[in-house]
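Have a look at the structure below before the remarks.
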Amino acid sequence: MQFTKDSFYMALQTRLAALNPQQTVTLSGATRPAVIVAENELVIPIVPLPNAFYIEWGAAQVAARQTGSRELMEMECVISYHTFGTVESGVDRGRTLAALDTELLTICQPQHTSKRDYTQAPSVDVGTNIVWTAPVLGKVAGSEAPPNQALPRGTEGVRLERVVSLKVLFFPEVTFL
Amino acid sequence: MSTLPVRAAMVPITRRMRAYFAPMNRTAGTPTIFDPGKYGMFPLDQPPAPWLDLGWIDNFQRFCLTVTEPLRAGAQGAPTAQFHKPLDARVEFDFREWGKLQMALAGGSEHMNVLASDPNANAQPSGGTPVAAVYALAGSTANLIVLGSGAVPGFSVGDLIAVDADYAQQIGYVGTGISAAYVSNPVNVNQDANYIRRVTFNLGRVAETTVTGLMLAQPLLGGAPAAGVGVQKVVAFVDREGGSFFQEWSALFVAEEESGGRVCFHYPRLSPTVSVQTSMRLSLTSQAGSAKAFQREEDVEVAAPIGALALRAAFQAMPHVDENDGQTVVCYRSYFPAAMAGVY
């Protein structure tokens, strides 16, 4: 399962570096493409960085009607990101979020990558691909503004956030006898 | 009076069916026999030789199409005896895993290995003129093909290879270990020296190269190759709608024993056909268009539009004479009760 998580992360990170080399973050003193797996980072109470894609993993189960020595499994994945825009007034925050949407949709294509063992250097192809469903872009939510009942999504707030969900399909390393 | 405790549950519980096939000796017409007394409770991932594990299958259905007819007598026309009408049984299922054997069994006719083509060859749907074979040297085994240091660099780790003899214009079944096709006239196969390697089941995946040979990930089904057999790269498998050859294999299906009791279905001889629904309707109606077509593959939805392709397979059970009593039968169902289960 870890190979699947690592492979998905590496695919998105590599694709983002190729698509937009300027889209980086600095974490723990290192600058890298702005794709972050939250569970791999230091446990310190810091606010998530803007303009970065945060990957979080959810429930996993054998996919329905799948059988075989290697039963196909599916794992929920949530990718969240937010922005304040690129100018101090924040008036381009909607456009910046749309640009992030486009970037994410782009780096999710093609919707598969080879599953590799990244515990070794160089990584080793473990023989199958992982596949994922089309990303579902959730509602935009705004924050950091006084409540305004006329704008229930809070998009007048300076912070705009999107949560994207998808399922990653993979063959586990476990053989089902 | 006291009775020994017996297991109350006598219900075989299963969640999956596993398929094993073994080649028939087509020349002699003899099947591979599964003897439940010798092999019954074998570990499911270690079938006894020569049975080959073809993985878990889905939608397993057995059909008995043999009907009985009563013999009637007397004023009331009451049945006084019965007789069997023609013996007919079939089995259908979906292979969920794809491989050379699964495709060949589901396709039913000659199953082609697409040999790596000469770049200048004419295009052919089952592969054109191939790159010339190299030949195995003495000392090869089912897992190691000795080629000599000059030939090994032509292969890489991961290559699929076909290992079999050159076609020598013979008439009859061809293929080392498993009859892969029947040649009735050398002209039909263009007297092609590569023909046997185009259809053979004697295939391997190169796991490692040595200075002088190729180590295979799985042993060759035909066993250790003789010196002088040809080796060629295979890039794909092809089966075809049509073809005159009928695959014929021995089969064993095992219902995984979740509650302790195992059920096995042994068909000494199975030959591919189409589904019962299709053929029954065709025979019952004059219009073929009203029959439900036999679907070769099923798209098993995973998360739309993503789906897994399953190979639909249907077989006609062929007769076998049981040597114990001379009865002609087509299938054996065996049951291995769980320990301490009741007898009745």
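Read-outs throughout are calculated quantities, based only on the coordinates presented, and are distinct from any laboratory measurement. Values in this document were obtained by computation on a predicted structure and should not be read as measured data. Positions of Cβ are generated from backbone atoms using ideal geometry, with glycine treated the same way; all protein chains shown enter the neighbour counts.
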Residues B:Ala217 and A:Leu42, FRET efficiency given R0 of 25 Å [Cβ-Cβ distance, rounded to 0.05]: 0.05
Calculate, in nm to one decimal, what A:Thr26 and A:Val158 gain on full extension: separation in residues at 0.36 nm each, minus their alpha carbon distance. 45.3 nm
Based only on Cα atoms, what mean projected area does the convex hull of the protein assembly as shown have, in nm²? 42.7 nm²
Using a 10 Å cut-off around each Cβ of peptide B:77-83, what is the average number of partner chain Cβ atoms that fall inside? 0
Based on other C-beta atoms within 10 Å, arrange A:Ile55, B:Ile178, B:Ile13 from fewest to most. B:Ile13, A:Ile55, B:Ile178
Given DSSP loops and a limit of at most 10 other Cβ atoms within 10 Å, what is the longest stretch of chain B that contains no such GluC sites (Glu not before Pro)? B:1-240
Which of B:Cys64, B:Cys331 comes first, and how do the rest follow, when ranked by fewest Cβ neighbours within 10 Å? B:Cys64, B:Cys331
Does segment A:12-107 come out rounded, prolate or oblate, given a ≥ b ≥ c as the square roots of the eigenvalues of its C-alpha gyration tensor, rounded meaning a/c under 1.5 and, failing that, prolate meaning a/b above b/c? prolate
Inter-chain shielding metric for B:303-312, i.e. average beta-carbon neighbours from other chains within 10 angstrom, reads 4
Which FRET efficiency value, to the nearest 0.05, is calculated for B:Ala224 and B:Thr30 with the Förster distance at 30 angstrom and r the Cβ-Cβ distance? 0.85
Quick one: grab the alpha carbon gyration tensor of segment A:2-170, order the square roots of its eigenvalues as a ≥ b ≥ c, and give me rounded if a/c is under 1.5, else prolate or oblate depending on whether a/b is larger than b/c. prolate
